[in-house]
Amino acid sequence: MPDFTPTPPAPQAPPAISSTSPAPSTPHVVSSTSPAPSTPHVVSSTPPAPSTPPAPTPPIASSTPPAPTSPVPPTPRRLHLAAAIDVPGATRAADFLPLARFADEGLLDFLTLGDSFAAPGLDALSVLARLAPETRRVGLVPTVTTTHTEPFHVQAQLATLDWVSRGRAGWRPGVSTSENEARLFGRRAAVTAREAWREAGEVVEAARLLWDSWEDDAEIRDIPGGRFVDRDKLHYADYAGTTFSVRGPSIVPRPPQGHPVIVADADDPVRRAFAVRHADVLLVEASSREQAAAFSAEVRAEAARAGREPTDLRVLASLTVELSGGEQAAEPGHGGGGPRPTAHGPHYRGGPVDLAELIGDWYAAGAVDGFHLRPAEPGRDLERLVNGTAALLQHRGVFRAFHPGSTLREHLGLARPANLHLTASAT
């Protein structure tokens, strides 16, 4: 089994940066021989607390963000960064651990791990459940296929991931359309992509009702009285889809986030129809800033027509990145000119500094809310992304210096959903 542990680059002089955007004096480096960094990261995942309480007057400067005054100002727009940690051929959860720690120390919003019935490999949701105790703040988003699987089991597994990660779970729904995959289960014949994604939408609707089948305070844990749960605060889902029905309630209490975050691709009409109706985070593929802005405007408009609030969505540009070791200029067609379109989606090849310029340019123009980056070589490119690109964006004040909260919804600036059963009762 090849070793996918990232190897930190040898110390070198920082790259020459424009005087208007100075680079950080030294990049942080995470040791590849220790399970956790031996030295503190250059930035902290939580705002540092002052050593002594400040006196009432005069005010003492502190790096801790001040408490909001009344009225509370609107949440400022933030740059969101996420990364894939797919390792082809991996047979141990430990193969993904160094990558997950890099994403965590780099203050990324979330990491994704792909999965499919069409290819052998570890179960993505199980791997991320194993990595949850080894990470602190980064969101964990596995691909979970909704075709041929039981919606009740899917929602219970995702709720469990949210509990073991203390509110950092997400979900990237996937579908199965081949006859070979259908034969693995033997329950029914293969379906078209349109049918599969329509069913995926029904699974999401059923999952949300099942997550809400426990009210937040349903657990009473009355040991003397022998009562664990208040039965009056449990609800039946009673959902009937085209190919399944579930009654509920769930066997897992309501997740810490209420509903784990749903991440979906919106790069073709069928998947986009699902994404604009159900996803919290939409991934679009674009090879230029103008194309990204157009895609972002289209999916927000479609979401509005579906009855959703467009500002509740986060649109991220998804591209493969292949980062060089130095700070050389990007290859033609890359860098500030945008990624190169390929049969597998947009592909960026160049230095970490040029990638920071691209990200900052697209974000400042309002084309997207952030980026989902797929490292071409996981160990090498994720390390350069965190130590180079993300560190430079932090130094310029474009990317966060600490996570604003502890849950994935807080990272993304998304509200915790109200319980659907209580909302329906009130209506």
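The values are calculated or read from the model by the stated rules, or taken from the named source; none is laboratory data. Treat the numbers as computed from the prediction; the structure is a model and nothing was measured. In this analysis, Cβ positions are derived from the backbone assuming ideal geometry, glycine residues included, and neighbour counts consider all displayed protein chains. All accessible areas refer to the heavy atoms of the entire protein, side chains included, with ligands and DNA or RNA removed. Shrake-Rupley method; radii C 1.70, N 1.55, O 1.52, S 1.80 Å.
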The lone condition L107 fails out of (1) over 27 Å from R380 (Cβ atoms); (2) aliphatic (A, V, I, L, M); (3) in contact with a His (Cβ under 7 Å, 6 or more places away or on another chain) is (1)
For segment 279-290, indicate whether the set of residues that are touching a strand residue (DSSP E or B) at 6+ places or on another chain (Cβ under 7 Å), under 26 Å from L125 (Cα atoms) and surrounded by fewer than 20 Cβ atoms within 10 Å (Cβ to Cβ) is non-empty.
-> no
Per the filter on segment 236-254, residues part of a strand (DSSP E or B) and hydrophobic (A, V, I, L, M, F, W, C) are A240, V246
Do the conditions hold for S116, that is, is it open to solvent by 40 Å² or more (accessible area, probe 1.4 Å), more than 25 Å from Y239 (Cα to Cα) and of a type in the set (G, A, S)?
-> yes
Taking segment 261-289 as the region of interest, how many residues are outside any helix (DSSP H, G or I), among the charged types (D, E, K, R) and in contact (Cβ under 8 Å) with a residue 24 or more places away in the chain?
-> 4
Apart from one, (1) in contact with a Phe, Trp or Tyr (Cβ under 9 Å, 6 or more places away or on another chain); (2) more than 20 Å from H411 (Cβ to Cβ) all hold for W362; the odd one out is (2)
Would you say D238 is open to solvent by 30 Å² or more (accessible area, probe 1.4 Å) and over 19 Å from the mean Cα position of the chain (by Cα)?
-> yes
For T147, indicate whether it is among the polar types (S, T, N, Q), crowded, with 17+ Cβ neighbours inside 10 Å and not in a loop (DSSP other than H, G, I, E, B).
-> no
Hey, R136 hits all of (1) within 15 Å of the chain's Cα centre (by Cα); (2) surrounded by fewer than 22 Cβ atoms within 10 Å (Cβ to Cβ); (3) in a helix (DSSP H, G or I) but one; which does it fall short on?
-> (3)
Which of the residues belonging to segment 210-226 are of a type outside the set (D, E), surrounded by 12 or more Cβ atoms within 10 Å (Cβ to Cβ) and over 21 Å from T145 (Cβ atoms)?
-> S213, W214, A218, I220
Please find, within segment 410-427, the residue that is nearest to Y363 (Cα to Cα) out of those that are part of a helix (DSSP H, G or I) and touching a strand residue (DSSP E or B) at 6+ places or on another chain (Cβ under 8 Å).
-> L412
Any chance L125 is under 14 Å from the mean Cα position of the chain (by Cα), open to solvent by less than 40 Å² (accessible area, probe 1.4 Å) and of a type outside the set (S, T, Y) | yes
Quick check: is even one residue across segment 392-409 crowded, with 22+ Cβ neighbours inside 10 Å, β-branched (V, I, T) and part of a helix (DSSP H, G or I)?
-> no
